[in-house]
Amino acid sequence: MASATATGRGGRNSQRGAPGSAPPPGHSQPAIPERTPGTTRVPPVVAVYGTLSDLLSVASNKLGIKATSVYNGKGGLIDDIALIRDDDVLFVCEGEPFIDPQTDGRAQEELTGSHTDWLTLNVGGRYFTTTRSTLVNKEPDSMLAHMFKDKDAWGNKQDPRGAFLIDRSPEYFEPILNYLRHGQLIVNDGINLLGVLEEARFFGIDSLIEHLEVAIKNSQPAEDHSPISRKEFVRFLLATPTKSELRCQGLNFSGADLSRLDLRYINFKMANLSRCNLAHANLCCANLERADLSGSVLDCANLQGVKMLCSNAEGASLKGCNFEDPSGLKANLEGANLKGVDMEGSQMTGINLRVATLKNAKLKNCNLRGATLAGTDLENCDLSGCDLQEANLRGSNVKGAIFEEMLTPLHMSQSVR
């Protein structure tokens with residue numbers, strides 16, 4: 001069946017010329033364009049005038065068919081050329097029933113099986129062929145499912161090849177499509193999982209998002225908790241100006257040999273310094289608040305003005321240390337855990353050991369003149385030979401403590417229990 005467009009006619013009273021003759025002066029020519037269903041190519045044009053028989057004859061010659069019937073756009077049979085109006089769309093048939101070309105294309109697709117479950121996607125310029133059921137069934141609430149659940153429900157745009165256009169990254173889309181096919185997350189080498197994750201979130205593939213988050217977490221390198229060595233730390237010290245504040249807060253120095261190093265004013269707050277060798281190190285005014293110094297060796301270290309509030313130095317050795325600052329700056333060990341420490345012979349004039357725990361500690365021959373020991377646990381502490389002149393022992397626990405060979409007598413007002 002071919003179609004025609006009638007133009008320039010004047011209704012029933014229009015003049016019609018004979019076949020093959022020129023149209024009347026000032027009168028335009030109706031046209032019979034050939035139209036193949038489902039196509040948009042430009043058809044040939046022929047003049048339409050004369051009788052209905054003339055129209056059928058011209059249509060047969062020009063369109064290469066044996067025209068027997070003419071229909072209007074609504075399927076009505078034309079039996080008189082006078083019924084044709086301006087801009088009518090005409091359909092010329094060889095005797096077959098009228099079929100609307102607007103629906104004929106879809107009918108032909110259904111008859112030939114071209115409209116199937118298969119479809120092609122153009123994702124960022126790369127083509128993927130898949131099935132509608134793949135995009136819909138596994139994740140029915142996803143964006144892809146809503147896009148392709150019903151044909152043209154979203155008005156999806158297509159390229160000249162008929163592929164549905166999706167403006168996303170093809171390399172990240174491929175693992176998503178494969179996941180919808182077989183339910184397994186398979187990503188080729190060199191593909192960034194974070195990019196695939198963002199695409200999965202964009203398309204709303206919820207089950208894949210969980211797989212990707214686990215995969216990304218497992219792909220991350222394990223956090224390096226290995227201790228910092230002496231060599232690494234010395235290199236760090238040499239690269240830092242002496243007047244710059246050095247922040248080592250929370251770092252792991254466990255077991256490191258930091259002996260005889262100049263560590264003044266360094267912030268070691270909450271650092272792990274357990275089992276470190278800090279003998280003869282200069283820790284003047286260093287911040288060791290809440291640091292772990294358990295089992296460390298700090299013999300003969302300079303601890304003038306050091307801050308060790310709530311630090312853990314259980315079992316550490318601090319023999320012969322100097323906490324005494326001639327300028328009057330006092331070391332602060334308030335609340336520190338000093339169970340079992342050996343501080344024999346240390347200079348601790350004016351030190352603050354308030355509410356610290358010194359149970360079973362060795363403070364033999366220490367200078368504790370003017371020290372604050374209020375509320376300190378000194379149970380079973382060896383204080384023999386100590387100088388406790390003007391020390392504040394109020395509220396301290398001295399049960400089992402040894403006070404032999406003290407340089408100055410302990411006044412009763414200094415201890416209340």
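Here the range 321-380 is treated with +1 on each Lys and Arg Cβ and -1 on each Asp and Glu Cβ, and its dipole about the Cα centre works out to around 80 debye. Among the listed pairs LYS231/LYS364; LYS307/LYS359; LYS330/LYS359; LYS269/LYS364; LYS231/LYS339, those whose Cα-Cα separation exceeds 25 Å are LYS231/LYS364; LYS269/LYS364; LYS231/LYS339. The distance linking the range 152-200 with the range 315-363 is 66 Å (Cα centroid to Cα centroid, whole angstrom). When +1 charges are put on Lys and Arg Cβ atoms and -1 charges on Asp and Glu Cβ atoms, the dipole computed for the range 273-417 relative to its Cα centre reaches about 300 debye. Comparing GLY340, ALA316, SER259 along the charge dipole axis of the range 214-340, the residue lying farthest to the positive side is SER259, per the Cβ-charge model.
Per residue, the range 295-370 exposes 37 Å² of solvent-accessible protein surface, assessed with a 1.4 angstrom probe and all protein chains in place.
Under 5 Å from the amide H of LEU165 lie the amide H atoms of ASN122, LYS157, GLN158, ASP159, each residue being 5 or more positions distant or on a separate chain, with H modelled from the backbone and absent for Pro and chain starts. When the solvent-accessible area of the range 221-416 is split by element, carbon and sulfur atoms take up 48 percent of it, the probe being 1.4 Å. Once the chain from LYS217 to ALA239 is taken as fully extended at 0.36 nm per residue, the excess over their C-alpha distance is 4.5 nm. Taken over the range 158-230, the alpha-carbon convex hull comes to 128 cubic angstrom per residue. Full extension of the segment from ARG126 to ARG394, taken as 0.36 nm per residue of separation minus the current Cα-Cα distance, would add 88.2 nm. Length gained on full extension, TRP118 to ARG168: 15.9 nm, using 0.36 nm per residue less the C-alpha separation. Whole-percent P(r), the range 119-177, all Cα pairs, 10 Å bins from 0: 23, 61, 16.
The values are calculated or read from the model by the stated rules, or taken from the named source; none is laboratory data. Everything numeric here is computed off the predicted structure, so don't read it as measured data. Counting neighbours? That spans all protein chains shown, and the Cβs are built from the backbone with ideal geometry, glycine included. In case anyone asks, the SASA skips ligands and DNA or RNA and just uses the protein heavy atoms, side chains included. Shrake-Rupley method; radii C 1.70, N 1.55, O 1.52, S 1.80 Å.
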